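*Asks:* This is the structure I have questions about; it appears just below.
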Amino acid sequence: MRGWRTLALITAVCTFGATATAAGPQATPDAAKTSQGRQKALLAFQSDLVSVLAPSGDADRLLAAALLARPLPNPGKLSNFHSLIERAAHADDAGPAVNWARLADCDPGAHACPNSTALTQLVQQAPDNAAVWLVKLSQDVNTLKKDDARQDLAKAASAQLYDDYSGVALKVLANGATLLPPPSATLDPNSAAGANGVQALIVFSTAAGMPQPALRDTAAYCAEQAPKDASVKDDCLKLGKILEWGSSPLARSLGLHLREVLNTDPAQQQDAQNARLNLVWQVQNFAELSLRAQNDKARAQHLLALARSGGTQMSMVLAALHDDGIPTDAPAGWQPHKAQ
């Protein structure tokens, strides 16, 4: 299906520091040991951050603690993801971002994902967020609830916005990760970014663990149903417009994909194709900028400041490119790097 190569590429390059702590294929045994020791120190530091954040009754601090705890190998009973996200959900100031993260508090082996309680509460908390309805659409498609899936699409198409709350996650993590100075064992001896590099690595890699709707299910539903039902096609096109202005590169990629394959106007199809190429350019340049920040203190500080300022993942990508003097449109003749 056209457009999904683009989405796969965006997924592959969108995570900050994906290879930051890898020893590398040519690493010497000593370098590998250093990498393993640093990995252990990073996990210990992340656990310390959880310990500082966990006693709070504030929903944002508890959300940060829960996200930081989720990848830890052996968190305590009261400081694991489940315990912390439950406390965050019951905090007086809890917003929909907490229940969005709580979608991941489930057992995939028991086919209990996403968390049904969290999804029910999200429908009540954020009925104008298309992302919520796309989570429900995926669930209803996979459980063969055809009428419910059709209603989910209609509600997503009439929503006001698409927000996967990654911007909220980045903000609370950026605030939480700076509560303690990173120990010297966490620092990369080959990097000039110092403590800021460690903080940026933790913030961006942890935020990447926020749940995402199975956007392939939405694309497949529209591809299958739109040719048979004009009303479905109309709703898929309406949804596409919302996604084009969505909070994440993945959402924007799907929105452009829907316009390209469902709009019959050749000019609109070409415009969507051009916009998709620019999107891949933006994401790849942001990924490269983020990797450079691991050896550049000023860049790492700037990324952390952008994360703390709020907004969405997409707005942060564009702001980072602008501030670094990188154009948002791909040069003529540019072609994307292949996803690894």
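*Asks:* Pairs under 7 Å by beta carbon, first residue under 21 Å from Asp163 (Cβ atoms) in the range 307-334, partner among the basic types (Lys, Arg) and outside any loop (DSSP other than H, G, I, E, B), six or more apart or different chains?
*Replies:* Note: pairs meeting the criteria are Ala307/Lys171; Arg308/Lys171; Gly310/Lys171; Met314/Arg252.
*Asks:* For the subset of the range 108-142 comprising residues that are over 20 Å from the mean Cα position of the chain (by Cα) and closer than 20 Å to Ala226 by Cα, which member is surrounded by the fewest Cβ atoms within 10 Å (Cβ to Cβ)?
*Replies:* Only one residue fits best here, namely Asn142.
*Asks:* Could you give me the residue pairs with C-beta distances under 8 Å whose first residue belongs to the range 193-204 and is on the phi > 0 side of the Ramachandran plot, whose second residue is of a type outside the set (Ser, Thr, Tyr) wherever it lies, and which are 6+ apart or on separate chains?
*Replies:* Partner pairs satisfying both residue conditions: Gly194/Leu187; Gly194/Lys297.
*Asks:* Follow-up. Go through the residues of the range 230-243 one by one and say whether even a single one is at pLDDT 95 or above, under 17 Å from Pro114 (Cβ atoms) and out of contact with any Gly (no Cβ under 7 Å at 6 or more places or on another chain).
*Replies:* No, the conditions are met nowhere in the range 230-243.
*Asks:* Shifting gears a bit: Here are some residues: Leu277, Leu254, Leu289. Which one is buried (at least 18 other Cβ atoms within 10 Å of the Cβ), at negative phi and at pLDDT 95 or above?
*Replies:* Just one listed residue meets the conditions, Leu254.
*Asks:* Filter the range 169-216 down to the residues that are within 24 Å of the chain's Cα centre (by Cα) and polar (S, T, N, Q), then identify the one that is surrounded by the most Cβ atoms within 10 Å (Cβ to Cβ).
*Replies:* Gln199
*Asks:* I'd like to know if the range 9-23 contains one or more residues that are touching a Phe, Trp or Tyr at 6+ places or on another chain (Cβ under 7 Å), of a type in the set (A, V, I, L, M, F, W, C) and either surrounded by 17 or more Cβ atoms within 10 Å (Cβ to Cβ) or modelled with pLDDT of 85 or more (or both).
*Replies:* Within the range 9-23 (the criterion being touching a Phe, Trp or Tyr at 6+ places or on another chain (Cβ under 7 Å), of a type in the set (A, V, I, L, M, F, W, C) and either surrounded by 17 or more Cβ atoms within 10 Å (Cβ to Cβ) or modelled with pLDDT of 85 or more (or both)), the answer is yes, since at least one residue qualifies.
The values are calculated or read from the model by the stated rules, or taken from the named source; none is laboratory data. Just so it is clear, the model here is predicted, and its values are computed rather than measured. All Cβ positions, even for glycine, are placed from backbone atoms using ideal geometry, and neighbour counts span all protein chains on display.
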